[in-house]
1. Are there any pairs with C-beta distances below 7 angstrom linking a residue in segment 32-50 that is outside the structural domain of residue 17 (by TED's automatic domain parsing) to a residue that is surrounded by 15 or more Cβ atoms within 10 Å (Cβ to Cβ) and of a type in the set (Phe, Trp, Tyr), with the two at least 6 apart or on different chains, and if so which?
2. Quick one: in segment 52-77, of everything that is within 14 Å of the chain's Cα centre (by Cα) and over 18 Å from residue 42 (Cα atoms), which residue is surrounded by the fewest Cβ atoms within 10 Å (Cβ to Cβ)?
3. Every residue in segment 74-90 that is of a type in the set (S, T, N, Q), in a strand (DSSP E or B) and modelled with pLDDT under 85, please.
4. Collect the residues in segment 27-44 that are surrounded by fewer than 15 Cβ atoms within 10 Å (Cβ to Cβ) and either assigned to a loop (DSSP other than H, G, I, E, B) or of a type in the set (Phe, Trp, Tyr) (or both), keeping them in residue-number order.
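The values are calculated or read from the model by the stated rules, or taken from the named source; none is laboratory data. Predicted model only: the values in this text are computed from it and were never measured. FYI the Cβ positions are ideal-geometry reconstructions off the backbone, even for glycines, and counts take in every protein chain you see.
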Amino acid sequence: MSDTPGFDSAQPERDQADWLDLLERACQETSQGKVAKKLGYTTSYIGQIRKPEKRAGLGDLSRVEAKVREHVGAEGVSCPVLGEISLSTCRHHRELPFSCSSPQRVRQWRACRDCQHNPEAGK
């Protein structure tokens with residue numbers, strides 16, 4: 001337990017277990033190979049992530065976590081331009097090139113550049 005009021009030291013483990021559970025469930029429902037292909041990784045890499053003893057040596061898995069939450073989970077995000085949207089819709093808009101075809105597209109493009117859900121934000 002942490003001495004910091006309001007800080008739950010178990011929170012990171014719960015968050016990690018959440019996306020790992022999503023990954024495990026997806027592999028059981030289809031196959032590890034199909035999930036790996038959907039996420040853009042090799043089957044062996046997904047297999048290593050699924051095994052706790054191997055996962056420890058893989059380093060930062062935040063990009064994998066983001067892909068699992070986006071492609072496997074049904075998590076939504078709050079967009080300042082579009083409102084509540086899915087992570088896959090968020091990624092779609094984030095990856096669109098700049099276009100001045102409408103004021104909304106311009107607002108969307110600008111919002112996506114600095115969005116907390118954009119792994120490239122601030123670069």
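1. none
2. Applying the filter and picking the extreme gives 74.
3. 86
4. Within segment 27-44, 30, 31, 40, 42 meet the criteria.
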